[in-house]
Amino acid sequence: MAAANRLVVFIALISLTSSPALATDGKPLQDYCVADKGGDNAVPMNGFACKPPQSVTPNDFTFSGLNKPGDTANPAGFKVTLVTVDQIPGLNTQGLSMGRLDFGPGGVNAPHIHPRASEVGFVTTLPETKLITKVLQAGEAFVFPQALTHYQRNVGKGPAVAISALDSQNPGTQRVVAAVLGSNPKLPVEVVAKALQADNNVAAQLLSKFK
């Protein structure tokens, strides 16, 4: 009887320690899998089929409306703006990712761009190396697929602050140019020249800019 009780407790402990592992999304198997809710030809990934890469657009990774006040006339006194794969198809299989841009006052470089705007973009892997880019206005959010080279830049004249959050307690970051040209010790000049498809003099000059 005592042995049976110990067996029940042991099984219960295994159940308790194993359950949290089943509650998280797995890592994506490709760069991105934009949810194709109307498609029926692709292999399902995380509940949604993948949109064909050639038909992917920047809008698949963008959400608008975070700057619009919600209706708080309810018993709870607040309004939640839900932003999931239903709102951003490019979030499919990516897990948690969040970012915010704060803009200061200032002018713009072009009349069609809002005074508080930021350009964002990312590049897919080989062989496409496709640049997906968009100018964000106030209240918009953008998804960077995990581990892809990406950028943000302020296209106005006023200051801007970027706030990002990733699904890791200690995420690693790496600047592409600094990794290639600013390593310690330095990469061989010949390696950098070959990677940049330039001659050794150009590579040496670029390496000298990173102390």
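FYI, it's all coordinate maths here, none of it is from the lab. These figures come from a predicted structure and were not determined experimentally. Cβ atoms come from the backbone with ideal geometry, glycine included; neighbour counts cover every protein chain shown.
When the pairs 130/157; 51/130; 27/79; 68/130 are compared against a 25 Å limit on Cα-Cα distance, 130/157; 27/79; 68/130 fall above it.
Packing-based ranking of 149-158, 176-185, 85-94 yields 85-94, 149-158, 176-185, ordered from highest to lowest mean Cβ neighbour count within 10 Å.
Among 192-198, 55-61, sorting by the average number of other beta carbon atoms lying within 10 angstrom of each residue, highest first, gives 55-61, 192-198. Ordered by the number of other Cβ atoms lying within 10 Å of each residue's own Cβ, fewest first, 71, 199 fall into the sequence 71, 199.
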